[in-house]
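Contents: one structure, followed by commentary.
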Amino acid sequence: MEELFRISYPVAAADYTSAGKASTDIKRRLKQLGVSGDVLRRVAVASYEVELNLVIHSLGGELTLTVFPDAAQLVSADVGPGIPDLEMAMREGYSTANDEARSLGFGAGMGLPNMKRNADEFSITSEKGVGTTITMLFRLQ
Amino acid sequence: MTIADMVNILNAKVLRGADKLDTPVYTACCSDLMSDVLAFVDEKTVLITGLTNPHVVRTSEMLDLKCLVFVRGKIPTEDILDNADEQGLVVITSKLTAFSACGLLYDAGLRGVPVPTAWDAEE
């Protein structure tokens with residue numbers, strides 16, 4: 001598939017102040033490309049959730065947006081620590097977030113299920129000690 | 001109901017977006033848990049919250065919300081308010097508690113967002 005556009009954002013661990021800035025930019029860029037309405041909102045929500053997950057849970061990582069003629073893809077790749085129990089992590093209400101994340105209104109265990117709900121295609125791979133990669137595809141037409 | 005009606009009902013102060021008070025309001029959600037808000041809310045909804053950190057505005061931005069209501073007289077910092085203004089959000093604050101604010105709005109006809117629960121699968 002022909003790539004129209006690609007941009008990557010480094011996301012630092014525990015940087016709660018900046019969390020969401022990449023997603024703000026992703027939403028703005030997609031809007032400029034003519035994406036709107038429900039699909040724009042779904043990409044924005046999933047992007048914000050995955051960016052928050054990088055800040056809250058990872059040792060740092062990167063969020064990449066790739067735009068194709070008929071789809072947008074978000075890939076979150078981190079450098080660890082990896083998710084020990086993926087099945088539990090995908091369950092609504094299960095969370096290992098710390099008090100700081102919770103004090104900001106997050107860590108309710110809704111992030112991964114919410115990404116899956118918003119994306120048209122969702123996949124996650126994780127290896128303890130190596131890292132986690134989440135790939136989400138959103139159809140634009 | 002419009003945002004102007006909400007301002008009257010809650011005896012609220014308008015902090016930003018005074019030119020957009022005629023915006024219609026369809027449903028409301030009251031939560032301090034942005035995780036839940038992100039999971040269940042759509043753009044036609046008003047968010048009522050006691051949380052005043054920057055992520056309340058960022059969450060609203062991702063969801064294309066139109067109005068934020070802070071309760072117990074809470075007012076976020078100027079930079080957070082300015083950010084809300086840039087997003088085109090109307091921001092109001094009421095001295096009422098979340099419970100009382102919701103009660104009055106419900107009484108005036110505003111209803112909640114239908115939210116799926118874990119029970120739905122069992123029933």
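Just a few scattered comments:
- Residue list for region A:29-61, filter: more than 10 Å from every other protein chain (Cβ to nearest Cβ), surrounded by fewer than 16 Cβ atoms within 10 Å (Cβ to Cβ) and assigned to a helix (DSSP H, G or I): A:Arg29, A:Lys31, A:Gln32
- Inclusion of B:Gly103 among residues that are surrounded by fewer than 16 Cβ atoms within 10 Å (Cβ to Cβ) and part of a loop (DSSP other than H, G, I, E, B) is not warranted.
- Count of region A:62-88 residues which are open to solvent by less than 20 Å² (accessible area, probe 1.4 Å) and at pLDDT below 95: 1
- The single residue among A:Asn118, A:Asn98 that is in contact (Cβ under 8 Å) with a residue 60 or more places away in the chain and within 22 Å of A:Ala22 (Cβ to Cβ) turns out to be A:Asn118.
- When B:Asp120, B:Asp79 are checked against the criterion of being over 25 Å from A:Glu51 (Cβ atoms), open to solvent by 70 Å² or more (accessible area, probe 1.4 Å) and within 13 Å of chain A (Cβ to nearest Cβ), a single residue qualifies: B:Asp120.
- Of all residues in region B:42-58 being more than 9 Å from every other protein chain (Cβ to nearest Cβ) and open to solvent by 20 Å² or more (accessible area, probe 1.4 Å), the one that is farthest from B:Arg111 (Cα to Cα): B:Thr52
- Qualifying residue in region A:21-37 (condition: in contact with a Leu (Cβ under 7 Å, 6 or more places away or on another chain), modelled with pLDDT of 95 or more and of a type in the set (Ser, Thr, Tyr)): no
- Scanning region B:43-63 for residues that are charged (D, E, K, R) and out of contact with any Asp or Glu (no Cβ under 8 Å at 6 or more places or on another chain) returns B:Lys44, B:Arg58, B:Glu61.
- Candidate set from region A:100-124 (those that are among the polar types (S, T, N, Q) and open to solvent by 10 Å² or more (accessible area, probe 1.4 Å)); member that is farthest from B:Thr49 (Cα to Cα): A:Ser123
- Residue within region A:4-26 that is within 29 Å of A:Gly129 (Cα to Cα), open to solvent by less than 30 Å² (accessible area, probe 1.4 Å), facing chain B (nearest Cβ under 9 Å) and polar (S, T, N, Q) present: yes
- Every listed requirement among (1) surrounded by 23 or more Cβ atoms within 10 Å (Cβ to Cβ); (2) at positive phi is met by A:Thr132 save one, (2).
- Selection count, region B:30-41, where residues are open to solvent by 10 Å² or more (accessible area, probe 1.4 Å) and more than 7 Å from every other protein chain (Cβ to nearest Cβ): 4
The values are calculated or read from the model by the stated rules, or taken from the named source; none is laboratory data. Keep in mind that what you see is a predicted model, and the values were worked out from it rather than measured. Note: ideal-geometry Cβ built from the backbone for every residue, glycine included; neighbour counts use all protein chains shown. Note: areas computed on protein heavy atoms with side chains; ligands, DNA, RNA excluded. Shrake-Rupley method; radii C 1.70, N 1.55, O 1.52, S 1.80 Å.
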